[in-house]
1. Test of understanding: among B:312, B:305, which residue is surrounded by 13 or more Cβ atoms within 10 Å (Cβ to Cβ) and under 24 Å from residue A:290 (Cα atoms)?
2. Can you tell me which residue among A:259, A:273 is within 10 Å of chain B (Cβ to nearest Cβ), aliphatic (A, V, I, L, M), under 22 Å from the mean Cα position of the chain (by Cα) and over 30 Å from residue B:272 (Cβ atoms)?
3. Taking the stated definitions as given, is residue A:310 β-branched (Val, Ile, Thr), outside any helix (DSSP H, G or I) and within 14 Å of chain B (Cβ to nearest Cβ)?
4. With among the basic types (Lys, Arg) and under 30 Å from residue A:231 (Cα atoms) as the only criterion, which of A:256, A:309 stands out?
5. Out of A:10, A:53, report the one residue that is touching a residue at least 40 places away in the same chain (Cβ under 8 Å) and surrounded by fewer than 19 Cβ atoms within 10 Å (Cβ to Cβ).
6. Going by the structure shown, is residue B:57 within 24 Å of residue B:190 (Cβ to Cβ) and assigned to a helix (DSSP H, G or I)?
7. Looking only at region A:35-73, how many residues end up being out of contact with any Leu (no Cβ under 9 Å at 6 or more places or on another chain) and of a type in the set (A, V, I, L, M, F, W, C)?
8. So which residues in region A:41-83 are at pLDDT 95 or above and at the interface with another protein chain (Cβ under 10 Å from one of its Cβ atoms), if there are any at all?
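The values are calculated or read from the model by the stated rules, or taken from the named source; none is laboratory data. Because the structure is a prediction, the values reported are computed rather than measured. Here the Cβ is made from the backbone with ideal geometry for all residues, glycine too, and neighbour counts use every protein chain on show.
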There are 2 protein chains.
Amino acid sequence: MDLAVSVLQGNRLALARTLSLVENDTAKGREALAALFPHTGGAHLIGVTGAPGTGKSSLVNQLAQVYRTPAEGIPARKVAIIAVDPSSPFTGGAILGDRIRMRDLAGDPGVFIRSMATRGSLGGLATATSGLVQVFDAAGYEIILIETVGVGQAEVDIVRLAHTTLVVEAPGLGDDIQAIKAGILEIADLLVVNKADRPGVENTERALKGMLELAHPKRHDRLPDDTPLWIPPVLRTVATEGAGVREVAEAIARHRQHLTQSGEWQERDRTRLEAELESMIKDNLVQRWRASIPPQAYQATLQELIERRISLHQAADKLTNNRGEA
Amino acid sequence: MDLAVSVLQGNRLALARTLSLVENDTAKGREALAALFPHTGGAHLIGVTGAPGTGKSSLVNQLAQVYRTPAEGIPARKVAIIAVDPSSPFTGGAILGDRIRMRDLAGDPGVFIRSMATRGSLGGLATATSGLVQVFDAAGYEIILIETVGVGQAEVDIVRLAHTTLVVEAPGLGDDIQAIKAGILEIADLLVVNKADRPGVENTERALKGMLELAHPKRHDRLPDDTPLWIPPVLRTVATEGAGVREVAEAIARHRQHLTQSGEWQERDRTRLEAELESMIKDNLVQRWRASIPPQAYQATLQELIERRISLHQAADKLTNNRGEA
């Protein structure tokens, strides 16, 4: 409990320790989370996603610097960055990312950067990310940037944690079948065309706006008619030079205002917590099942399956019915 | 059961119907799978993954055409293509893909193409893909190409279904932090640099070979010392013109030979079935739990969570302990 108190008091070492305990899902980590959870709910969670090569990391770094710089009427905010790399199943690609970031933001006590690479299940990764977010939130980090590398369902699940989702594009990144963009666009609250000094930026922008018009109406089907609509803006940046980044921060602030005024902030909070709860329940069920099944019974059924004597569904039914508790 | 018999006899309509029943996880689909499963195990499952813009779909189409063309001593093979698009959580991007493919391969009774977009959970997607693979395998499709759009963990999980995994790259696709490639490289059995007529192909190839050397030793840690090693080859293609595609098919054939000679074919089969079994058990457990929990108890706990009166772990523990069966 001491640890949680230290985190709430702003102790950076205690914060780092708690993050590790939570990421590794230890008993102490769970204890700390239970103590910290009542203090959450204040942070603005911002998801940043997009294909590799779009310059997401540079944009996130620059955004952090904007939030650290006081502007008219806006004090500097405490910023946490969580970089999630679900594409690196084996090696610690994320560590490299950390080292590169350090150069820009190291030494600023108002910034905390944490990287996570995948290990084990995806559910585990989303759960771990959610845990880190809660710790930062309770510790008074007002802006939490959740950056994911890649463009798959894993990333979509992770950015769903966020109040505001930025999708980053860049000109000339392959014009494959655009399905990938069409899908990810529907979770975008803001679209950023980074590397906007490259040729083809107008094409990218036009394509995005066209797809937005297609994707847009669906998002609001479930909302009452008089709900204020949010039309995702398309913004240009050259993150390596900081160009356009303040405008992105301003658009994020407008989105926050939209969320609170429309009641969507609470709605998203609820949806997020419910999704996190379900994923945790799933983990509980699997752990409990694993503890209850005799290893010999498991191996015998697996062998029958491998010899094609029973089908997958039959094997699964057999193993879930023959539990110790039956 | 009639349906399964028709599938085994090569009836294309029955095959299409069974694929839909399996994809939608219906009772009839499960019944068909149970009847078909003893007839599986003959197909060579080939996973194809890589970032958007690399031209995976063109490569897969061209590979299918190579397999359909008899060569010296090699008869034409029956080919199934399963295109999985986990990046499109809402709209049916996959349908567009189908239409584009149709032009090349339509009308050939030895080719069957099936697209799947995400709906619901990822576990669901991998399970559905596995089901389709089993149906095609039992129906006598000797080559099953599983293509995934994107580069995240979802794709890694799906290509893990395969005996042979191709990772497709292309020159000039952004040189971000290379973590994404380092991660995916470790699952690659073959590397293909597509669009090899573009500038920068030498750089891409050199970078891949460099990373391969780093990634390579780890793959074989768990194997005995005398196991024949497979060094993933790096091949160039221009898929839109068919250049280099036959060489890819030949490398795939060599990899198959390596797998059978080293015993890794059986090992991968076993690993795959075990992973599929675990994911199915997980689905069973969640379904059973959902049926057992009184909706009011669920809503009351969710409300406590939203009001931050209990933590996520506490809420999850409460809901998994207070089940109907307790």
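1. Answer to the check: B:312.
2. Among A:259, A:273, only A:273 is within 10 Å of chain B (Cβ to nearest Cβ), aliphatic (A, V, I, L, M), under 22 Å from the mean Cα position of the chain (by Cα) and over 30 Å from residue B:272 (Cβ atoms).
3. Taking the combined requirement at face value, the residue satisfies it.
4. Exactly one of A:256, A:309 is among the basic types (Lys, Arg) and under 30 Å from residue A:231 (Cα atoms), namely A:256.
5. The match here is A:10.
6. yes
7. Of the residues in region A:35-73, 3 are out of contact with any Leu (no Cβ under 9 Å at 6 or more places or on another chain) and of a type in the set (A, V, I, L, M, F, W, C).
8. The answer is none; no residue qualifies.
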